[in-house]
Structure formats: C-alpha cells, structure tokens
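Chemist: Submitted below is the structure of interest, expressed as structure tokens.
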Amino acid sequence: MHKRGARARPPRRARVVGAPVRSHRECPLDPKTVSALRRLRLVSAPEAVSFLLLLVASVLRRTTDFDAVPVLGMVHGILFVVYGLFWLDAWNRARWSLATAAWYMAMAVVPTGGFFAERRLRREEAEGVADGAGAPADAPAGTAAERSDTVGA
C-alpha cells in the first residue's frame, strides 16, 4: 500500500549483460556546464597548494620566527571562497548527486584533496567536450581551411 499522496516509483529497467554502462548524465553537457567545471578545476589545484603552504607556514610559525600565516591565510581564504562559489555553480549546472557534490566539497577541506578533485574534474570536463559540448550545435564542422564559407575562399 502506498501512502496517501505518495507517487509510485517507476519500475527499474533490467541491465542487459554486455551493454555499455552509462554515466550519471544521459545527455551531453552544454557549454556553460563545461565552463563551470573548467572554472572549478582551475581553482582547485591553487586552493590545494595554498592549503599546503598554510600548513607549512603554521608549523614554521611555531618553530621559528617566520610568520607568513596572516598573508597565506588570507590568500587561502580567498581561494577557498572562490572554490565554494564555483562549486555551487558547477553543482547547479552539472546536476550532480548529493554524494558527488559532497565529495567535491570534502576535497576542498582535505589538504591534498584539490589535486584529486582537479583530476576528476578534468575527466568529467573531457567527457563533456567529447560528447559535443565544446561547440554550439549550429557551428560548422571542420577547420577554416576545410569550410568553403570562410572569407577569401
């Protein structure tokens, strides 16, 4: 029996043995989604480096007279906020599951996690571009030398 007002779940389709496994996306990514993933990827490695430098500076502050924590803390804080904003944009556009979105945010708070996030984002971005998201749908195919509609041809 279903609860009053609850919708019935559609039946799960059986997986055919030998059929290709689809990714979490059924359709190719649009250019804005690829751009959001690229922005998050480009800020993830610097954020990870700034976190590691901040940890080193914290140790040096306790053991020596070297005190770069205020500067590195501010740099890391700015990069972390930018990462968070880009993460929200990518989550919204890529329509990640809650687990995927949580994984990317967890990688921001793990000292070397940004490198793992960057690697996974590069793969996800490449899949989106390979699916045809890199160019608009009405863009002509081929190089400028191959197209006859270019100026001077």
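Chemist: Ordering E127, E47 from largest to smallest accessible area (1.4 angstrom probe), what's the sequence?
Modeler: Values: E127 90, E47 0 Å².
In descending accessible area the options line up as E127, E47.
Chemist: While we're here: Mind grabbing the accessible area of F86 for me, 1.4 Å probe, Å², rounded to tens?
Modeler: 60
Chemist: Something else now. Beta carbons within 10 angstrom, averaged per residue: use that to sort the peptides 30-43, 60-73, highest first. Mind showing how you got there, number by number?
Modeler: Numbers: 30-43: 19.0, 60-73: 12.0.
Descending packing order for the listed peptides: 30-43, 60-73.
Chemist: Separate question: Using a 1.4 Å probe and ignoring any ligands, DNA or RNA, find the accessible area of V109 and quote it in Å² to the nearest 10.
Modeler: Counting only protein heavy atoms, V109 exposes about 90 Å² to solvent.
The values are calculated or read from the model by the stated rules, or taken from the named source; none is laboratory data. Owing to the predicted nature of the structure, the values given are computational and were not obtained by experimental measurement. Here Cβ is always computed from backbone atoms with ideal geometry, including for glycine, and neighbour counts include all displayed protein chains. Heads up: the accessible areas ignore ligands, DNA and RNA and are worked out on the full protein's heavy atoms, side chains in. Shrake-Rupley method; radii C 1.70, N 1.55, O 1.52, S 1.80 Å.
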